[in-house]
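The values are calculated or read from the model by the stated rules, or taken from the named source; none is laboratory data. Model, not experiment: these values are computed from the prediction. Cβ atoms come from the backbone with ideal geometry, glycine included; neighbour counts cover every protein chain shown. Surface areas here come from the heavy atoms of the whole protein model, side chains and all, with no ligands, DNA or RNA. Shrake-Rupley method; radii C 1.70, N 1.55, O 1.52, S 1.80 Å.
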There are 2 protein chains.
Amino acid sequence: MLIGELADKANISVDTIRYYEREGLIKPVSVRDSGYREFDESSADTLLFVVRAKDLGFSLKEICTLLRLKNDPDTTCGEVKALAEKKITDVILKIKSLQAIEKDLTALLRACTDTAASVDECPIVDSLDKKEKEI
Amino acid sequence: MLIGELADKANISVDTIRYYEREGLIKPVSVRDSGYREFDESSADTLLFVVRAKDLGFSLKEICTLLRLKNDPDTTCGEVKALAEKKITDVILKIKSLQAIEKDLTALLRACTDTAASVDECPIVDSLDKKEKEI
DNA sequence: CTTGACTCTGGAGTATAGTCCATAGTCTAG
DNA sequence: CTAGACTATGGACTATACTCCAGAGTCAAG
């Protein structure tokens with residue numbers, strides 16, 4: 001199949017597929033003399049793999065590594081596991097950082113009772129102004 | 001004080017300060033004929049405001065709005081509160097999405113018991129390969 | 001054999017938040 | 001007065017993940 005059909009199948013744009021090719025995520029099965037790329041079902045599978053890994057928070061670079069591991073017969077499950085473990089650590093760190101932000105913002109919102117007050121008395125602006133961080 | 005001293009005080013680079021100026025976050029108190037920018041304590045305060053707002057997850061664009069509101073005597077606390085509320089909604093959404101990722105990754109890691117196994121039998125790779133998402 | 005849909009390449013643009021650089025001018029201490 | 005530290009400007013570059021475009025070539029149907 002040509003790139004347009006593949007794009008429809010994987011539900012991503014032809015530009016994105018060409019971009020993924022440049023990034024080494026996918027290779028056409030063959031290329032005609034005209035330059036037209038030809039793909040098959042396994043290409044669609046690869047794209048689905050990419051989309052799913054992206055949903056799990058992997059970057060294109062990491063997905064590239066995953067695909068390489070996946071296609072290397074000498075790869076052990078442990079190598080893949082290590083990547084997933086590193087990723088989950090990243091994710092947990094991000095969650096923690098966002099939760100700290102949420103906590104701070106919530107405290108500020110609770111402190112802000114009189115919405116009609118001037119910005120000079122706004123506890124939110126006030127806390128950002130403070131020298132010491134003591135919300 | 002000149003830009004270098006301000007940079008030391010706020011613990012950010014002179015390049016970043018000039019970048020913030022271009023983005024409208026800060027203005028020198030005055031500019032010499034030579035082009036040298038002059039700042040004062042309030043400049044340092046503004047930069048601290050920016051850094052703290054950044055820590056709370058606000059983008060530079062949003063901080064720009066916050067600063068504008070803060071310096072406008074007609075601004076009410078409610079306007080600031082609305083921004084903070086929007087931001088907290090964003091943060092909560094991000095947390096939820098990351099938690100979903102964490103859940104999926106954890107499930108995959110638990111499924112992966114034999115780290116020495118070939119990648120062909122790796123449940124992580126397997127789940128990314130699957131047509132249906134049914135981890 | 002022509003028309004219209006499709007594809008190619010290469011490059012530019014988007015958003016975010018900076019960082020780094022060369023070249024040139026300025027300032028101040030000794 | 002000069003050396004060395006500092007500053008200015010404009011533009012390029014980083015990373016991520018695309019998106020869009022022009023101009024040219026290709027392909028299949030009628």
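Quick one: what pairs do we get from segment B:102-129, first residue within 23 Å of A:LEU47 (Cα to Cα), second open to solvent by 70 Å² or more (accessible area, probe 1.4 Å), C-beta under 6 Å, 6+ apart or different chains?
B:ASP104/B:ILE135; B:ALA107/B:ILE135; B:SER127/B:ILE135
B:LEU98 is checked against (1) without any contact (Cβ under 8 Å) to a residue 12 or more places away in the chain; (2) within 16 Å of DNA strand D (Cβ to nearest atom); (3) more than 9 Å from chain A (Cβ to nearest Cβ) and fails just one. What number does that condition carry?
Failing condition for B:LEU98: (3).
Pairs please, first residue from segment A:35-56 and open to solvent by less than 40 Å² (accessible area, probe 1.4 Å), second anywhere and outside any helix (DSSP H, G or I), Cβ atoms under 6 Å, 6+ apart in sequence or on different chains.
From residues that are open to solvent by less than 40 Å² (accessible area, probe 1.4 Å), the pairs are A:PHE39/A:MET1; A:PHE39/A:PRO28; A:PHE39/A:VAL29; A:THR46/A:ILE26; A:VAL50/A:LEU25.
In this structure, does A:THR113 turn out to be more than 7 Å from every other protein chain (Cβ to nearest Cβ) and either out of contact with any Gly (no Cβ under 7 Å at 6 or more places or on another chain) or at pLDDT below 85 (or both)?
yes
So which residues in segment B:12-34 are more than 8 Å from DNA strand C (Cβ to nearest atom) and exposed (fewer than 11 other Cβ atoms within 10 Å of the Cβ)?
B:ARG22, B:SER30, listed by residue number.
Mind telling me which of the residues B:LEU47, B:LEU93, B:LEU60, B:LEU66 ends up being closer than 30 Å to A:THR113 by Cβ, within 14 Å of DNA strand D (Cβ to nearest atom) and not aromatic (Phe, Trp, Tyr)?
Within the list B:LEU47, B:LEU93, B:LEU60, B:LEU66, the selection yields B:LEU60.
What do you reckon, is B:ILE63 away from chain A (no Cβ under 14 Å), surrounded by 15 or more Cβ atoms within 10 Å (Cβ to Cβ) and within 10 Å of DNA strand C (Cβ to nearest atom)?
It is false that B:ILE63 is away from chain A (no Cβ under 14 Å), surrounded by 15 or more Cβ atoms within 10 Å (Cβ to Cβ) and within 10 Å of DNA strand C (Cβ to nearest atom).
Can you tell me which residues in segment A:2-11 are assigned to a loop (DSSP other than H, G, I, E, B) and more than 8 Å from DNA strand C (Cβ to nearest atom)?
Residues of segment A:2-11 assigned to a loop (DSSP other than H, G, I, E, B): A:2, A:11.
Within segment A:2-11, A:ASN11 is the sole residue that qualifies.
Kindly state which helices (runs of 4 or more DSSP H) lie completely within segment B:51-135 and contain at least 2 residues that are over 27 Å from A:ALA107 (Cα atoms).
The qualifying helices (runs of 4 or more DSSP H) are B:77-111, B:123-129.
Tell me which residues, restricted to segment B:79-95, are open to solvent by less than 80 Å² (accessible area, probe 1.4 Å), in contact with a Leu (Cβ under 7 Å, 6 or more places away or on another chain) and more than 7 Å from chain A (Cβ to nearest Cβ).
The one that is open to solvent by less than 80 Å² (accessible area, probe 1.4 Å), in contact with a Leu (Cβ under 7 Å, 6 or more places away or on another chain) and more than 7 Å from chain A (Cβ to nearest Cβ): B:LEU83.
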